[in-house]
Amino acid sequence: MNDLDQMARQAQADFQAAPTPAELENAKARFLGKSGRVTELLKGLASLPAEQKKLRGADINQLKARIEAALQARREQLADAELQAQLRAEALDVTLPGRWRGMGGLHPVSRTIERIEAIFASMGFDVADGPEIETDWMNFTALNSPKNHPARSMQDTFYVDLQDSEGAWLNLRTHTSPMQVRYALAHAEKYKGVEPMPEIRVIAPGRTYRVDSDATHSPMFHQCEGLWIGTDVSFKDLKAVFADFVRRFFETDDFDVRFRPSFFPFTEPSAEIDIAFRSGPLAGRWLEVAGSGQVHPAVVRNFGLDPEVHIGFAFGMGPDRLTMLRYGIDDMRLLFEGDLRFLAQFR
Ligand code: PHE
């Protein structure tokens with residue numbers, strides 16, 4: 001093996017040993033750089049006689065070509081290795097199961113409220129929405145519960161640290177009944193001078209609050225108010241509307257409805273509405289589902305209407321209770337704990 005072969009092998013070995021492109025370029029410089037070994041050989045040609053110069057020159061050029069080929073081969077090898085490493089690092093395992101975002105769903109009480117709205121809308125009822133922080137007048141006084149009236153203590157009230165212009169504390173509404181007043185006032189205003197005034201037919205679902213907490217009471221709960229005011233709207237209509245609602249809500253005809261005398265300051269007479277299914281797990285048990293009554297003349301007056309002309313009924317039911325009955329839930333707290341194991345069952 002001559003010295004040129006020796007050098008070619010050396011270059012090849014050095015290139016192979018270079019682990020990175022940068023080190024490969026350093027190795028290249030040792031052979032092909034300005035003062036590299038091949039360059040030095042070429043410089044040495046100058047001192048040779050013409051005949052030898054030609055032969056030796058050809059040999060050195062051949063050596064140079066071999067070294068360049070080896071360099072190029074190693075460059076490609078390193079580039080390829082780098083690409084492979086990158087592909088490995090960015091590899092996607094397409095056989096993994098997809099990541100499931102989890103599908104949300106409506107809360108069971110929201111589903112109940114949507115059902116209530118759809119059923120009453122089909123009976124010509126509007127759906128109204130109002131504030132949860134309420135004035136003393138709306139929540140109590142306008143509903144015939146004057147200050148210091150014992151009826152006020154029927155409902156344990158959360159007060160808000162804010163006073164209205166009369167200095168009365170604001171409250172978290174204890175029922176949706178103030179929506180009767182808000183809606184009727186707006187209705188009376190809207191149809192001022194229109195004879196006859198169109199009937200008021202509205203439901204108002206929403207959150208309500210009382211100082212109360214156990215398996216059947218939550219400090220925050222829902223109510224849905226109903227109000228129908230016309231010129232000859234009676235208890236007969238209330239019973240028909242409510243029975244129709246129950247039939248459609250529970251999707252059964254197999255139940256009885258009863259009106260049990262009761263008291264509310266804002267209705268006279270007043271009744272609790274009870275239902276009893278004739279079959280199923282709750283068969284034969286009377287279940288209280290709403291408070292109701294003929295709207296008290298004093299309240300009709302607070303609506304801005306003449307109680308000699310305008311008459312009707314109101315009711316207030318509990319969507320939480322209806323949800324529990326419909327799905328067979330026995331603890332109201334489950335509805336408001338936000339436990340996904342519970343909620344996911346209603347998706
Ligand atoms: N607001 C009453 C309650 O919370 C229910 C009710 C509404 C009663 C409308 C009569 C008429 O208990």
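The values are calculated or read from the model by the stated rules, or taken from the named source; none is laboratory data. All of these numbers come straight from a predicted model, not from anything done at the bench. Please note: Cβ atoms are built from the backbone with ideal geometry, for glycine as well, and neighbour counts cover all protein chains shown. These accessible areas exclude ligands, DNA and RNA; they are computed on the full protein's heavy atoms, side chains included. Shrake-Rupley method; radii C 1.70, N 1.55, O 1.52, S 1.80 Å.
Descriptive notes on the structure:
- Computed from point charges on the beta carbon alone (+1 for Lys and Arg, -1 for Asp and Glu), the dipole magnitude for segment 1-128 about its Cα centre is near 580 Debye.
- Excluding same-chain neighbours fewer than eight residues apart, the lysines reachable from LYS54 by a Cα-Cα span under 23 Å are LYS34, LYS43, LYS64.
- Cα gyration tensor shape of segment 1-88, rounded if a/c is under 1.5, else prolate or oblate by comparing a/b with b/c: prolate
- Structural descriptor for the chain: relative contact order 15 percent, calculated from alpha carbon pairs under 8 angstrom and at least 6 residues apart.
- Sulfur and carbon atoms: percent of accessible area, segment 3-89 [1.4 Å]: 53
- Over the chain, dividing the summed -39,500 (n - 2.57) contributions of all DSSP H runs of at least 4 residues by the number of residues returns a 222 nm mean residue ellipticity of -13000 deg cm²/dmol.
- Once C-alpha pairs closer than 8 Å and six or more residues apart are averaged by separation and normalised to the residue number of segment 75-195, the relative contact order reads 21 percent.
- Loop-located GluC sites (Glu not before Pro) across segment 166-245 with a Cβ neighbour count of 12 or fewer within 10 Å are GLU166, with loop assigned by DSSP.
- Averaged per residue, the chain has 57 square angstrom of accessible surface, using a 1.4 angstrom probe with ligands and nucleic acids left out.
- When you filter the GluC sites (Glu not before Pro) in segment 242-291 for DSSP loop state and at most 12 other Cβ atoms inside 10 Å of their Cβ, you are left with GLU251.
- Projecting the Cα atoms of ALA186, ALA344, PHE235 onto the charge dipole of the chain, computed from C-beta unit charges around the Cα centre, puts ALA344 farthest toward the positive end.
- All other residues whose Cβ lies under 9 angstrom from that of ARG260 are scored, Lys and Arg at +1 and Asp and Glu at -1, for a net of -2.
- Length-normalised contact order of segment 129-270 in % [C-alpha pairs under 8 Å, at least 6 apart]: 23
- Each other residue within a Cβ distance under 9 Å of LEU170 adds +1 if Lys or Arg and -1 if Asp or Glu, for a net charge of -4.
- Counting every alpha-carbon pair across segment 112-260, the share separated by more than 27 Å comes to 31%.
- Solvent exposure of LEU63, expressed as accessible area, is near 10 Å², computed with a probe of 1.4 Å over the protein chains only.
- Computed across segment 11-148, the Kirkwood radius stands at 24.0 Å (inverse of mean 1/r, all Cα pairs).
- Centre-to-centre separation between the Cα atoms of segment 56-109 and those of segment 121-188: 70 Å.
- Expressed in Å, the radius of gyration and Dmax of the Cα atoms of the chain are 43.9, 137.
- Expressed to the nearest 5 percent, the antiparallel share of DSSP beta bridges inside segment 108-346 is 95 percent.
- Candidate cross-link partners of LYS236 among the aspartates and glutamates, defined by an alpha-carbon separation under 16 Å and a same-chain spacing of 8 or more, comprise ASP244, ASP256, GLU268, GLU272, ASP274.
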